[in-house]
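Here is the structure we will look at.
The values are calculated or read from the model by the stated rules, or taken from the named source; none is laboratory data. Predicted model only: the values in this text are computed from it and were never measured. Neighbour counts are summed over all protein chains in view; Cβ atoms, including those assigned to glycine, are modelled from backbone coordinates with ideal geometry. All accessible areas refer to the heavy atoms of the entire protein, side chains included, with ligands and DNA or RNA removed. Shrake-Rupley method; radii C 1.70, N 1.55, O 1.52, S 1.80 Å.
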Amino acid sequence: MASKINKPKLMHNGKRLDGRMPDELRKIRIEAGVLKNANGSAYLEWGKNRIIAAIYGPRDVVPKHFADPNAAIIKCRYSMAPFSSLEEHGRAGQNRRAIEISKVIKEVFENAVILEEFPNSEIDIFLEVLQSDGSTRAACINAAAVALASAGIPMKDMVYGVSVGKVDGEICVDVDMIEDNYSEADMPMAISHRDNRILLLQMDGEMDSSEIRKGFDMAVAAGEKIKSLQREALLQMYKGV
Amino acid sequence: MGGINELKGAYIRSALNEGKRLDSREVFEMREIKVESDILSNAEGSARVKLGDTDVIAGLKVVVEEPHSDTPKEGNLVVSAELLQMASADFESGPPSPAAIELARVVDRGIRAGNCVNLERLFIEDGKVYSLYVDIYVLDYDGNLFDACTVAAMSALMNARLPKYANGELDRKDRNTQLEIQNVVTSTTFGKFGDNIVLDMNADEEQAADARITITTDGKTVRAMQKGLKGHFTIDEVERLIGISIKKNADISSRMGK
């Protein structure tokens, strides 16, 4: 949903610029337990995206007056490294976009984590995008879910993230950076493993109701692959011990 | 505070189980929307919107600047929103909260994705375009700022006048050209309590809701969505709400520009 100038043709004979079919995910690799100090962590490669997620906690709330005597609170910090994009040097720290993304990701895990188990505590989710190539918030959600599980934090259900977009009129799953730049619509989501609950949903661009339905169906279908990769990453962590 | 809010929330939820709201509205009934357009003479466009007791004002200023490098033949449109401290005892001073940033960005995305203004008509000459800055001030808070702010921004754009640009200068006293409005977008924000869903939450309902979803449409297609809070929606619920949102567009748009 951006410029029309120099827009490349994004679909060729039903295939996308990188050769994928509309319902095809990029290559994904997830590794759990990659940091020593954090209570849980994960490293994720998703196409050219490179994400590292770290979990600290449950631990004492700082500052103290934010503490909830009945439940844990979740803090989430999503941030893109200044060297993460192909464009110019980015500014370090959080811009308004990053603050909004941090908020909606936090709300995903407020749903998934059993907060009542840890009154007066906080759980921190740190998400660093080391290299970005579109759909970074979906990639971060996948990394965060694996990192939380690797920290042994009890959750009602696991969560995966995935995006769909409308690319040259075609509904496609997992839009990459170039598709995102020139697509007609973009819809990132977070969905629970067991019962397909929508925990994050954003969309902008233009889609009609039937295209949105198709997007949901594609996201849920692609989710089967993502879910198994998340499970596999967690299993591998224990096999390595 | 917390205790009273919890009791109120429990009451709101139990009433909803019988399909009732405390202000006796239907579940998908919006509060009355009152729009006063063109109320400030220095701004190039303006509107004040009351949605029940929620009260917001939008002002539009036009400046001439360089276009963005990826859109050299188009003007710019930036919508932002600010929660004034006067609007609620709960609004604090200091840098904008994540909730305030979310509000501003969701309203901005809806208007941009809605392709509401013909930005090509804002081109002046190579390296010079008109930029439209719409600033929304929240004056009084009684819930559903998303929808009130979208109406305010849209209304300000509809009555805006571009100042004349000649000999390298902007003459703000000479303004006659209206913007070319291509689409009128409206947003509808729903709240979910257990399995019950309502439209247009007031402040009491907002503090008790499990989940929230804002759907912005042009009356035919969906232009933006944003789910908020820790609760969830099912895919079927989202589909149903999209249908309701598209239907409400005509009624909400008819209040604008009045």
Filter segment A:9-32 down to the residues that are closer than 27 Å to residue A:237 by Cβ and in contact with a Leu (Cβ under 9 Å, 6 or more places away or on another chain), then identify the one that is most open to solvent (accessible area, probe 1.4 Å). A:29
Hits in segment A:76-106 - residues which are in contact with an Asp or Glu (Cβ under 9 Å, 6 or more places away or on another chain), more than 13 Å from chain B (Cβ to nearest Cβ) and either of a type in the set (Lys, Arg) or part of a strand (DSSP E or B) (or both): A:79, A:80
Residues that are touching a residue at least 24 places away in the same chain (Cβ under 8 Å), surrounded by fewer than 19 Cβ atoms within 10 Å (Cβ to Cβ) and within 18 Å of the chain's Cα centre (by Cα): does segment A:130-148 have at least one? yes
Which condition number in (1) in contact (Cβ under 8 Å) with a residue 40 or more places away in the chain; (2) open to solvent by less than 30 Å² (accessible area, probe 1.4 Å) is the one that residue B:15 fails? (1)
Please count how many residues of segment B:214-230 are more than 7 Å from every other protein chain (Cβ to nearest Cβ) and either open to solvent by less than 10 Å² (accessible area, probe 1.4 Å) or more than 19 Å from residue A:210 (Cα to Cα) (or both). 4
If you take just the strands (runs of 3 or more DSSP E) that sit entirely in segment B:172-258, which of them hold at least 3 residues that are within 15 Å of the chain's Cα centre (by Cα)? B:186-193, B:211-217, B:222-228
Only one of B:112, B:121 that is within 20 Å of residue B:73 (Cβ to Cβ), away from chain A (no Cβ under 14 Å) and not in a loop (DSSP other than H, G, I, E, B): B:121
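Quick grid of which residues meet (1) assigned to a helix (DSSP H, G or I); (2) within 13 Å of chain B (Cβ to nearest Cβ); (3) of a type in the set (Gly, Ala, Ser):
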residue: A:180; (1), (2), (3): yes, no, no
residue: A:196; (1), (2), (3): no, yes, no
residue: A:205; (1), (2), (3): no, yes, yes
residue: A:228; (1), (2), (3): yes, no, yes
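Would you pick out the residues in segment A:156-172 that are hydrophobic (A, V, I, L, M, F, W, C) and closer than 16 Å to residue A:198 by Cα? Explain how you work it out, then say what you get.
Applying the first criterion (hydrophobic (A, V, I, L, M, F, W, C)) to segment A:156-172 yields A:158-159, A:162, A:164, A:167, A:171-172.
The answer is A:158, A:159, A:162, A:164.
Restricted to segment B:26-83, and to residues that are within 14 Å of chain A (Cβ to nearest Cβ) and part of a strand (DSSP E or B), which residue is most open to solvent (accessible area, probe 1.4 Å)? Write out each step before concluding.
We begin by selecting, within segment B:26-83, every residue within 14 Å of chain A (Cβ to nearest Cβ); these are B:67-82.
From the residues that got through so far, the ones that are part of a strand (DSSP E or B) too are B:76-82.
Working: B:76: 11, B:77: 14, B:78: 52, B:79: 9, B:80: 35, B:81: 17, B:82: 94 Å².
Looking at residues that are within 14 Å of chain A (Cβ to nearest Cβ) and part of a strand (DSSP E or B), I get B:82.
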Tally the residues that are open to solvent by 20 Å² or more (accessible area, probe 1.4 Å), over 17 Å from the mean Cα position of the chain (by Cα) and not acidic (Asp, Glu), restricting the search to segment A:209-233. 4
Pairs only if they're at least six apart or on different chains, beta carbon under 7 angstrom, first in segment A:82-103 and closer than 30 Å to residue B:212 by Cβ, second among the β-branched types (Val, Ile, Thr) and not in a loop (DSSP other than H, G, I, E, B); list them, first residue then second. A:96/B:101; A:99/B:101; A:100/B:101
Could you please let me know if residue B:204 is buried (at least 22 other Cβ atoms within 10 Å of the Cβ), charged (D, E, K, R), in contact with a Leu (Cβ under 8 Å, 6 or more places away or on another chain) and under 30 Å from residue B:13 (Cα atoms)? no
Filter result for the condition that a residue is within 19 Å of the chain's Cα centre (by Cα) and surrounded by fewer than 21 Cβ atoms within 10 Å (Cβ to Cβ), over A:49, A:70, A:95: A:95
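Residue-wise test of (1) among the charged types (D, E, K, R); (2) under 18 Å from residue B:217 (Cα atoms); (3) without any contact (Cβ under 8 Å) to a residue 60 or more places away in the chain.
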{"position": "A:184", "(1), (2), (3)": "yes, yes, no"}
{"position": "A:187", "(1), (2), (3)": "no, yes, yes"}
{"position": "A:195", "(1), (2), (3)": "yes, no, yes"}
{"position": "A:201", "(1), (2), (3)": "no, yes, yes"}
{"position": "A:211", "(1), (2), (3)": "yes, yes, yes"}
{"position": "A:239", "(1), (2), (3)": "yes, no, yes"}
